[in-house]
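Since every read-out is calculated from the coordinates, none of them should be taken as a lab result. Computed from a predicted model, the values in this text were never measured in an experiment. Cβ sites come from the backbone with ideal geometry, for glycine too, and all protein chains shown count toward neighbours.
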12 protein chains.
Amino acid sequence: MVEKIIELTGSSVNSIEEAVSLAVARAAVTISGIYQIQLTDITAQVEDGRVVRWKVKIKATFPVKDRIHE
Amino acid sequence: MVEKIIELTGSSVNSIEEAVSLAVARAAVTISGIYQIQLTDITAQVEDGRVVRWKVKIKATFPVKDRIHE
Amino acid sequence: MVEKIIELTGSSVNSIEEAVSLAVARAAVTISGIYQIQLTDITAQVEDGRVVRWKVKIKATFPVKDRIHE
Amino acid sequence: MVEKIIELTGSSVNSIEEAVSLAVARAAVTISGIYQIQLTDITAQVEDGRVVRWKVKIKATFPVKDRIHE
Amino acid sequence: MVEKIIELTGSSVNSIEEAVSLAVARAAVTISGIYQIQLTDITAQVEDGRVVRWKVKIKATFPVKDRIHE
Amino acid sequence: MVEKIIELTGSSVNSIEEAVSLAVARAAVTISGIYQIQLTDITAQVEDGRVVRWKVKIKATFPVKDRIHE
Amino acid sequence: MVEKIIELTGSSVNSIEEAVSLAVARAAVTISGIYQIQLTDITAQVEDGRVVRWKVKIKATFPVKDRIHE
Amino acid sequence: MVEKIIELTGSSVNSIEEAVSLAVARAAVTISGIYQIQLTDITAQVEDGRVVRWKVKIKATFPVKDRIHE
Amino acid sequence: MVEKIIELTGSSVNSIEEAVSLAVARAAVTISGIYQIQLTDITAQVEDGRVVRWKVKIKATFPVKDRIHE
Amino acid sequence: MVEKIIELTGSSVNSIEEAVSLAVARAAVTISGIYQIQLTDITAQVEDGRVVRWKVKIKATFPVKDRIHE
Amino acid sequence: MVEKIIELTGSSVNSIEEAVSLAVARAAVTISGIYQIQLTDITAQVEDGRVVRWKVKIKATFPVKDRIHE
Amino acid sequence: MVEKIIELTGSSVNSIEEAVSLAVARAAVTISGIYQIQLTDITAQVEDGRVVRWKVKIKATFPVKDRIHE
């Protein structure tokens, strides 16, 4: 079985976990079978001394089913 | 004083913090004196486009009291 | 436009996100314009098998307005 | 000439080399022109004290011919 | 908003900057919305003691609009 | 479920794969449940211009069942 | 002699070298004695498939003369 | 021959070398056969502008003789 | 409590430890509360085949008391 | 005893191990005493979806006997 | 075919590219066959707030023809 | 001016500093102009729970005067 790993970002005003979840949910709309992610970077946007948005980079892994795209 | 550092994983359906806390609590059953952990890796298990489990790698540090095992 | 990046730590008894937010809020008392942070290290203090404090290292970026200090 | 680099995993019960070769062969079904891979991670699945499957992560490079997909 | 990050190479006989620019321009033919790149590797091809081509690896980030491809 | 990760070396006169397998088999004599290893370093001993022994470092992961030792 | 190392960003629409030079020139307005920089990160802002701004992170080193600030 | 690698810290008020030596000596009380260490981190505790204690992280390697512990 | 981490270099003709200690002592003249340093780089100046000066890079951590400077 | 470490590449159509062995054998023609290598990079050349050549980077260590060359 | 990789520095008052090119040209005076370099570090010398010299570290690769030197 | 960087090991029964100094002194017998070293790895040989030899890896930099050897 061959898998592909893609790199995504996600963001949330609430938490690191929600930023990851939103990216995963969005990717799952067109990619089926994502079974694992790794969190590779955590940043946050700041305004007036307050964190207003958490932003994450993730690597998502899924089995190749049909075609791998260029 | 000499300390030992061991590597553990923990997981939780709820949050990254809980995954760390569960690993620490489990280790403390037989190891006394853990006073610090470092979070070295964060992954998550995904099913049907939803994160169903957070998984962490931690390094836990504690003072050597009696014997260091092979 | 030139920016400066400084390294800070923050801590919280509640969560990783709160540890970041407290560091950002404290820095914003005397530095204006912080617009982004990167989370570079996550550790925790442990007592009696429980995490009692989350501690983070962050890099905070802000535009240089007046003077850069030695 | 512009190239794209994608990240794949492959696995084999026999060897590290075969795990790489199977991933390359599978990718070549729909992507033409892969000319180089880099092996970035080697793990293995273990059962009853025996390695039962080698698993590799590779980065595969190929020239962009037609379109780069989102 | 979810973004995707892809890895590309570009090359130029003139400069590092031009190698980056050519990769970005080529990717933009079929991907809209690339707004940032990171330069992750710089190599050069040498012939007869002269650099004849600069080659770069970049990571390009763009918002996911329609579908994320396998 | 909490897991422990330990670091081992193994060696073989024949191949990298065999060096890993021998380390895993030896560890499994007293530790049950090892289900995954990661290969983190590959070296070789050389004599008279020939590789005479392959040596690997691996990280082995297993679920904590009874007690975690100091 | 004790030196301090600070981290800055600079940017330029023209080249990587100019982005570095502008950051150095700006820092030199209030800090004397910067004698060396290291380039630690190169990114670029992209619009409509064209690089519109190069952005660099640098570490600048200078001897401590008077006071090191909190 | 299979070896195990464990991570320890040691400290000394006098020097980096002594901090390593004390950790090695303490580990050797219950582990026989340690033949090599690698120094992976050097920190120091400071009070009133003076280093009052050097602290090191080391990885110690020894042949597995009897049992490898959970 | 929020802390700041600054990067310094120190040097000594005698030893690595003395190079660290001199940097710490110099910084403590105007910054109070430095309680920990990490040694991140060790180089040496050589003349006529002899090391004539040890040079270290350290990261020094101290609690923010009054103001954090731009 | 002082040793020198040099970096070499080797390649083989058959396996990773053979690529290492060929590099070691070639180096041993003019350098005596190589006793250890470390494998630092593994890539492969691909044609028509098949790996046609394994290529490795190694660091080879040997005692300095006579002269170290510029 | 076995290749050797050596590490060089080059410098130029004009640009990063010229610093690389000068190092390559100098090495080619006595080494034939250099066909690729990798740029591994970029620093600059600064005087009076201006970059006066770019300095690069490169790794240069060439096929071993005759002898590899100690 | 073009410089070459070579990698050496040195060892001493007394200290890390002496291990570096011995490697530098030995290299200076046949290479003139070494002006800087970087300490890249520190290990130690242990016997019966005592450190019996410190071993270092260093990178030594010197200007290329005459010829660069294959």
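Structure notes:
- Spin-label pair residue B:29/residue F:40, simplified geometry with 7 Å Cα→Cβ offset, distance in nm: 2.5
- Against chain G, whose longest principal axis comes from its Cα atoms, helix G:16-28 is set at around 30 degrees.
- In the protein assembly as shown, helical runs assigned H by DSSP with n ≥ 4 each contribute -39500 (n - 2.57); averaged across all residues and rounded to the nearest 500, the mean residue ellipticity at 222 nm is -5500 deg cm²/dmol.
- Relative contact order of chain K, taken over Cα pairs closer than 8 Å and 6 or more residues apart, is 44 percent.
- The range B:25-70 and chain J have Cα centres spaced 38 Å apart.
- Filtered trypsin sites (Lys or Arg not before Pro), the range L:29-70: DSSP coil and at most 16 other beta carbons within 10 Å: L:65, L:67
- Per-residue shielding of B:62-69, expressed as the average number of other chain Cβ atoms within 10 Å of the residue Cβ, stands at 6.
- Förster radius 35 Å - calculated FRET efficiency between residue A:66 and residue G:48 (Cβ-Cβ, nearest 0.05): 0.60
- Dividing the convex hull volume of the alpha-carbon atoms in the range K:1-69 by its residue count gives 80 Å³ per residue.
- Alpha-carbon gyration tensor eigenvalues x 5, square-rooted, for the protein assembly as shown, Å: 34, 34, 34
- Chain A: most fluctuating residue of A:56, A:29, A:20 per GNM, C-alpha cutoff 10 Å: A:29
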